[in-house]
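Below is one structure, written out as C-alpha cells; comments come after it.
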Amino acid sequence: MHLPNTASLLFLFYLLLYLPWLARQSAARLRAMREAAAPGPSRERIWLSALIGQALLLLLAVLAGRSFGYPFFALPALGAREIGAAVAALALYLGLRALSRAWRTEEERRRMMVYFLAPRTPRDWLLWTATVVAASIAEEVAYRGVGMWILEWSLGNAWIAALISAIAFALAHWTQGVKSGLVIFAMALVMQGLVQWTGTLLLAVIVHATYDFIAGVRISRDARRFDREAAGVGAAT
C-alpha cells in the first residue's frame with residue numbers, strides 16, 4: 001500500500017467522504033420539506049447549485065490529477081472494438097434503468113425526487129442540459145479517472161479500487177434512494193469496465209451524457225403527466 005500525495009489525499013476525502021455526506025444531508029432536507037409541504041428551493045436553484053458542484057468537482061479532480069501527471073482524455077486509436085464496447089455499455093445502462101423502473105410501482109415513482117426535479121420550463125431545460133454535460137465530464141474524470149488511479153496506486157488492487165469508487169459514486173446520488181443507489185452502483189462498475197477496456201474517458205463521457213439525456217427526457221415526460229393528473233385530481237376535489 002502506498003500513501004498518495006497531499007493533493008490526492010484531499011481529493012479522496014472530498015470524493016469518498018464529503019460528497020456522500022453532503023448528498024445524505026441534501027436528501028434529508030428535501031424529504032423533510034416535501035413531507036411538511038413546506039416551500040423549498042426552486043428547481044432552477046437546485047440545478048444551478050448542482051452545476052456549480054460539478055464544476056467544483058472537475059476543478060478538484062484536475063488539480064489532483066495534475067499533481068501526479070494524470071493523462072486526461074488520453075485517446076488511443078478507436079476502432080470497432082472500442083465503439084462496440086461503448087454501445088454495449090449504453091445498452092446495459094438502459095437495461096439497468098428498465099430494471100429500476102420494474103422494481104417500483106408508479107406511486108413510488110411519483111414520490112421520487114428525480115421526478116420532482118425533472119425540468120418543465122425552458123429555463124429548467126437550459127440549466128438541466130448544462131448540468132448533464134458538466135456531470136458527464138466531471139464525474140467520469142473524478143470517479144473513473146483521477147479517483148480510480150489514486151485508489152489503484154494506493155491500494156495496489158484495481159478491483160478493490162473500482163468497488164470503492166462505485167460505492168462512493170452511488171452514495172453521492174443519495175437523493176435518488178436506496179433502489180436507485182444499487183442500480184447506480186452497477187452502472188458505475190459498467191462505466192469503469194468501459195474505461196479499462198477502451199483506455200480512454202472520452203467514450204465514457206459520451207455514454208454518460210447520452211444516457212442522462214435519454215433518461216432525463218423520459219423522466220420529464222412522466223413528471224409532466226404526473227403534474228397533469230395531480231391537477232386533475234385537485235380540480236375534481
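The values are calculated or read from the model by the stated rules, or taken from the named source; none is laboratory data. If you're wondering where the values come from, they're calculated on a predicted model, not measured in any experiment. Please note: Cβ atoms are built from the backbone with ideal geometry, for glycine as well, and neighbour counts cover all protein chains shown.
Tabulated data
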read-out	value
Criterion violated by Phe68 - all others in (1) aromatic (Phe, Trp, Tyr); (2) assigned to a helix (DSSP H, G or I); (3) over 17 Å from Glu139 (Cβ atoms) satisfied	(2)
Of the criteria (1) within 19 Å of Leu56 (Cα to Cα); (2) touching a residue at least 60 places away in the same chain (Cβ under 8 Å), which one Ser154 fails	(1)
Ser100 being surrounded by 15 or more Cβ atoms within 10 Å (Cβ to Cβ), at pLDDT below 90, closer than 21 Å to Val207 by Cβ and small (Gly, Ala, Ser)	yes
Residue selected from the range 55-112 under the condition touching a Ser or Thr at 6+ places or on another chain (Cβ under 8 Å) and polar (S, T, N, Q), by the criterion nearest to His208 (Cα to Cα)	Ser100
The range 1-21, residues that are in contact with a helix residue (DSSP H, G or I) (Cβ under 8 Å, 6 or more places away or on another chain) and not small (Gly, Ala, Ser)	Met1, His2, Leu3, Pro4, Leu10, Phe11, Leu12, Tyr14, Leu15, Leu16, Leu19, Pro20
Hits in the range 164-201 - residues which are of a type in the set (D, E, K, R) and touching a His at 6+ places or on another chain (Cβ under 7 Å)	none
Residue, farthest from Pro71 (Cα to Cα), within the range 198-218, restricted to residues that are touching a Pro at 6+ places or on another chain (Cβ under 9 Å) and of a type outside the set (Gly, Ala, Ser)	Thr198
Entirely in the range 128-237, the helices (runs of 4 or more DSSP H) that have 3 or more residues that are buried (at least 20 other Cβ atoms within 10 Å of the Cβ) and among the hydroxyl-bearing types (Ser, Thr, Tyr)	none
Flag for Gly79 being of a type in the set (Gly, Ala, Ser), at pLDDT 95 or above and surrounded by fewer than 14 Cβ atoms within 10 Å (Cβ to Cβ)	no
